[in-house]
Amino acid sequence: MNNNDQNSALHRFAAHHASRAITRRHCACGRLPELYCPDTIDCDLTETKAIITEAYKRAGLKALFVPLPMERILLDLDSGQVDATYARTRRAIEGYDNIVQLTVPYSLIRIVAFYLDPDLSINSLADLAPLNPGIMRGDMLTVTTAKRAGIPYTLIDHIDLGFLMLKQRRVKVILTDNTIGRIFARHVNLNNYFVSEELFRATIFHTLNKKHAHLIPRLEKSFRSMLEDGTAKRLAGKYADMIPETAPE
């Protein structure tokens, strides 16, 4: 198959699945792509879309963003129903035979505990065991880490709701990324809260169905150049602290 035929096939694939996604979720953003990339929460992930769009543009690609539930994206990606997802950890894709990743990092996740009680002392994951922390539904990194550490937890449907519950003292602790947590605490006007030291961290990488593995060198060049020239941090906006300074050679 030549490049034109391959692009045409991907174009038809994207059109078919985009129509299904619009019917299911009534929300699709962007132009018809060579690759079909699922979004993760809603149609307002402005910074994520800006970074992915620019990276794909530099690689000569286009991306359409369609929201899908976090819990099913890897299943759809592995089966080939979608072509890519913005980023996952190395551990998250273990056991999936048809998923590949870039080696250039997309961002860093630094998990901390947010709480209101000044008498709490949270210095490690073990300190969370009696506190039943709130974790966002679909945050598989934090859920998996809590499970492996034997920590009971409460799943919360959305991060805004999580910080509202913390403000109302319906939960004692919210466990999430440091940068994201501070942003959403402001969303609900939560003040005078405490933040633990970093409890664990992970690097996430742009993730593709392996039928597109031939695109990895082009995309890695794009993501690397965006880290080196500062574009990734600029486009990340309020999430700039999550973008690594450099990419490994």
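The values are calculated or read from the model by the stated rules, or taken from the named source; none is laboratory data. Please read all numbers here as calculations on a predicted model, not as lab measurements. Virtual Cβ from ideal backbone geometry, glycine too; neighbours counted across all protein chains shown. Note: accessible area is taken over every heavy atom of the protein model, side chains too, but ligands, DNA and RNA are not part of it. Shrake-Rupley method; radii C 1.70, N 1.55, O 1.52, S 1.80 Å.
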Lysines whose Cα lies under 30 Å from that of Lys62, excluding same-chain neighbours fewer than 8 positions away: Lys49, Lys210, Lys211, Lys221, Lys233, Lys238
Total charge of the residues flanking Asn123 in space, meaning their Cβ is under 13 Å from its Cβ, with Lys and Arg +1 and Asp and Glu -1, is -3
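For Ala213 and Asp160, what does the FRET efficiency come to when R0 = 35 Å and r is the distance between their Cβ atoms, rounded to the nearest 0.05? Working shown, then result.
Numbers: r = 37 Å, r/R0 = 1.06.
E(calc), rounded to 0.05, equals 0.40.
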So what is the orientation-averaged projected area of the stretch 58-152, using the convex hull of its C-alpha atoms, in nm²? 8.4
Looking at the stretch 59-167, which trypsin sites (Lys or Arg not before Pro) are DSSP coil and have at most 12 other C-beta atoms within 10 Å of their C-beta? Arg90
Using a 1.4 Å probe on the protein heavy atoms only, what accessible surface does Asp241 show? Give it in Å² to the nearest 10. 110
